[in-house]
Protein chains: 2
Amino acid sequence: MKIEILTRNENQEIQNEIISKIRDLMNYKNLEPGDKLPSERMLSEKFGVSRSNVREAIHKLEFYGLLKSKPQSGTFVADIGQVAMNGMIEDILRLEDPDFKSLVETRILLELKTVRLAAQRRTEQDLIQMKMALEAYSEKVKAGQDAVQEDLLFHLAIAKASGNSTMNTFMLIITPEIITKFEEHHVCDKGLAFTGIQEHWDIFDAIKAQDPQLAKQKMKTHFKTLYQYCYNI
Amino acid sequence: MKIEILTRNENQEIQNEIISKIRDLMNYKNLEPGDKLPSERMLSEKFGVSRSNVREAIHKLEFYGLLKSKPQSGTFVADIGQVAMNGMIEDILRLEDPDFKSLVETRILLELKTVRLAAQRRTEQDLIQMKMALEAYSEKVKAGQDAVQEDLLFHLAIAKASGNSTMNTFMLIITPEIITKFEEHHVCDKGLAFTGIQEHWDIFDAIKAQDPQLAKQKMKTHFKTLYQYCYNI
DNA sequence: CAAACCAATCTGGTTAACCAATTTGAGTAA
DNA sequence: TTACTCAAATTGGTTAACCAGATTGGTTTG
């Protein structure tokens with residue numbers, strides 16, 4: 001799911017194998033929504049793997065909402081049908097690690113939306129938090145220091161103000177990888193931080209003024225100056 | 001059922017507590033990017049909790065890219081600074097479970113994008129898979145059967161064809177919850193399935209013709225007829 | 001005969017012991 | 001002094017034993 005190192009890839013392999021075996025079992029036994037999976041011990045024995053491996057695989061399927069473990073009771077098949085179950089497991093098995101381009105593409109999409117929603121829904125409390133993040137960012141930049149973190153925190157504050165918990169979560173998921181990649185490629189110490197200050201305040205003002213279209217436009221401008229440095233990554 | 005929720009919340013609680021303790025420790029000890037966290041055993045002893053609890057908390061922070069465990073070596077702080085670390089942990093602790101409205105809002109946003117990308121990037125193989133999903137859907141509807149699953153699989157096929165692995169992952173994450181909620185509220189057995197067939201084929205044709213704007217427009221139409229049933233949920 | 005009950009059993013979760021790879025630092029040789 | 005060696009200690013991961021609570025099916029009781 002994240003950037004994995006070799007040792008973990010090996011792990012990933014046997015986990016995927018277990019997941020596909022679970023899928024086969026569900027098909028073979030014609031398990032329907034609500035049915036109970038064999039116990040973890042039984043699965044680990046049948047598959048010839050350790051119980052903790054089975055648990056990890058179940059955890060992953062649980063994360064994607066396909067299974068549901070009840071303590072002292074059993075693991076149950078979620079309320080989606082067999083067709084969707086097979087299709088989704090197939091997709092999960094073939095999931096590749098996200099590349100940088102895909103992350104950036106998604107970030108832009110999410111932020112152009114969250115900034116509009118934030119302009120519509122922001123509370124006074126949201127404004128305060130955004131302003132705090134923004135001032136911390138400005139100070140760092142003016143002191144000539146690196147400010148990627150403060151930058152990202154401002155963007156996360158916008159996501160929070162959007163009032164959409166799903167997008168907020170997604171922003172949290174992709175943010176650290178973006179930070180890492182940025183610092184790897186030294187995107188941010190190229191003197192574009194100073195122009196960034198004004199752009200950020202423009203975005204903030206538009207949100208404060210509750211003008212979604214303006215906010216989106218300012219965010220677009222911001223990304224334009226930002227990602228012109230990224231095309232050669 | 002209530003008990004199940006309670007126990008899980010309880011679990012969530014102590015996990016969050018551990019996470020905030022880890023944050024405090026990182027602040028107190030001034031741990032910087034790349035530094036090593038105390039060992040799992042030491043943390044479990046210091047916090048007075050079991051080692052597996054500590055491991056779960058670390059796993060969660062690892063999922064969000066804030067920590068990185070190296071086997072037989074230690075757990076290391078990710079390459080984002082202290083400020084971003086504190087901000088992100090704060091956000092993670094306050095993360096709420098996504099509500100239906102937020103899920104739908106996000107799904108629409110994602111799909112209006114993936115359908116455009118799919119129109120630009122789809123391969124012949126993608127077309128074949130989408131067509132298969134679509135035919136399965138049509139048959140079920142014509143047979144008068146429920147076809148939510150096949151519906152969603154078609155949409156997932158579009159996400160795959162978009163060539164953006166991050167969006168693909170996100171679609172996989174929200175899909176099962178959407179299915180469940182849909183079936184809970186009986187969104188789909190209100191006779192809108194038949195109109196859905198044509199709408200789906202329109203989307204498919206636009207993708208095949210590599211016309212992003214048309215594809216987006218058709219998807220918009222599709223959502224319009226779909227979610228007019230959802231406003232009263 | 002049906003409903004209430006209870007203990008044997010089965011379950012996921014937890015704990016503790018164990019493993020192999022990695023660090024580390026004192027000792028050694030150049 | 002410096003570079004190298006190697007074994008002991010430390011680490012995250014793995015395995016197996018254990019726990020408390022849920023399930024279940026036969027028995028009892030009204």
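Computed from the coordinates by the stated procedures, all read-outs in this text should not be read as laboratory data. Since this is a predicted model, take the numbers as computed values, not measurements. Here Cβ is always computed from backbone atoms with ideal geometry, including for glycine, and neighbour counts include all displayed protein chains.
The other copies place their A:Arg121 label points at 2.7 nm from this one, listed shortest first, where each point is 7 Å from Cα along Cα→Cβ. Extension gain, B:Asp97-B:Met132: 0.36 nm per intervening residue step, less the Cα-Cα distance, totals 9.2 nm. What is the helix-to-structure angle for B:193-208, meaning the angle in degrees between its Cα long axis and the longest Cα principal axis of chain B, kept from 0 to 90 and rounded to the nearest 10? So the inclination is approximately 80 degrees. What separates the A:Trp201 label point from its copies, with the point 7 Å along Cα to Cβ, is 5.8 nm, written shortest first.
Over 32 Å between Cα atoms, which of A:Lys181/B:Lys131; A:Lys113/B:Lys36; A:Lys36/A:Lys160; A:Lys113/B:Lys218; A:Lys101/B:Lys36; A:Lys60/A:Lys101 qualify? Numbers along the way, then the final one.
Values: A:Lys181/B:Lys131 37 Å; A:Lys113/B:Lys36 37 Å; A:Lys36/A:Lys160 38 Å; A:Lys113/B:Lys218 20 Å; A:Lys101/B:Lys36 30 Å; A:Lys60/A:Lys101 25 Å.
From the list (A:Lys181/B:Lys131; A:Lys113/B:Lys36; A:Lys36/A:Lys160; A:Lys113/B:Lys218; A:Lys101/B:Lys36; A:Lys60/A:Lys101), the Cα-Cα distance tops 32 Å for A:Lys181/B:Lys131; A:Lys113/B:Lys36; A:Lys36/A:Lys160.
Eigen-decomposition of the gyration tensor built on the alpha-carbon atoms of the range B:71-122 gives equivalent ellipsoid semi-axes of 33, 20, 11 angstrom, largest listed first.
Around the amide H of B:Leu37, modelled in the peptide plane, lie the amide H atoms of B:Thr75, B:Phe76, B:Val77, all under 5 Å away and 5 or more residues distant in sequence or on another chain. Calculated mean residue ellipticity at 222 nm for chain B: -24000 deg cm²/dmol, from DSSP H runs with n ≥ 4 weighted as -39500 (n - 2.57), summed, divided by the residue count and rounded to 500.
How large is the convex hull of the Cα atoms of the range B:2-93 per residue, expressed in Å³ as a whole number? Present the calculation step by step, with values, prior to reporting the outcome.
Values: hull volume 8.6 nm³, N = 92.
Each residue corresponds to 94 Å³ of Cα convex hull volume.
Take the Kirkwood radius over Cα pairs of the range A:100-227, plug it into Stokes-Einstein at 25 °C and 0.890 mPa s, and you get 171 µm²/s for translational diffusion.
Neighbouring Cβ atoms within 10 Å as the yardstick, rank B:His222, A:His155 fewest first. Could you put the intermediate results ahead of the total?
Numbers: B:His222 20, A:His155 23.
Going from least to most buried by this count: B:His222, A:His155.
For A:Lys70, the point set 7 Å out from Cα toward Cβ sits 4.5 nm from its twins in the other copies, listed from shortest up.
Over the whole of B:148-157, what's the average partner chain Cβ count within 10 Å per residue? Rounded to a whole number, please. Each step should come with its number before you reach the end.
Details: counts 4, 9, 4, 1, 6, 7, 1, 0, 5, 2.
The shielding value for this peptide is 4.
To the nearest ten degrees, helix B:2-28 and the longest principal axis of the Cα atoms of chain B are 50 degrees apart.
Of all GluC sites (Glu not before Pro) in the range B:81-164, which ones are in loop regions per DSSP and have a Cβ with at most 13 other Cβ atoms within 10 Å?
Working: sites: B:Glu90, B:Glu96, B:Glu105, B:Glu111, B:Glu124, B:Glu135, B:Glu139, B:Glu150; in loops: B:Glu96.
The qualifying sites are B:Glu96.
Put simply, chain A fits an ellipsoid with semi-axes of 44, 21, 15 Å; these come from the alpha carbon gyration tensor as the roots of five times its eigenvalues, largest first. Relative to the longest principal axis of the Cα atoms of chain B, helix B:212-227 runs at roughly 90 degrees. Multiplying each eigenvalue of the alpha-carbon gyration tensor of the protein assembly as shown by 5 and taking the square root yields semi-axes of 35, 31, 20 Å, largest first, rounded to whole angstroms.
Counting charges near B:Gly74 (Lys, Arg +1; Asp, Glu -1) among other residues having Cβ under 10 Å from its Cβ returns a value of +1. Taking a Cβ cut-off of under 10 Å around B:Lys218, the surrounding Lys, Arg, Asp and Glu residues balance to a net charge of -2, with basic ones at +1 and acidic ones at -1. What separates the Cα centres of the range B:32-72 and the range A:53-132 is a distance of 23 Å.
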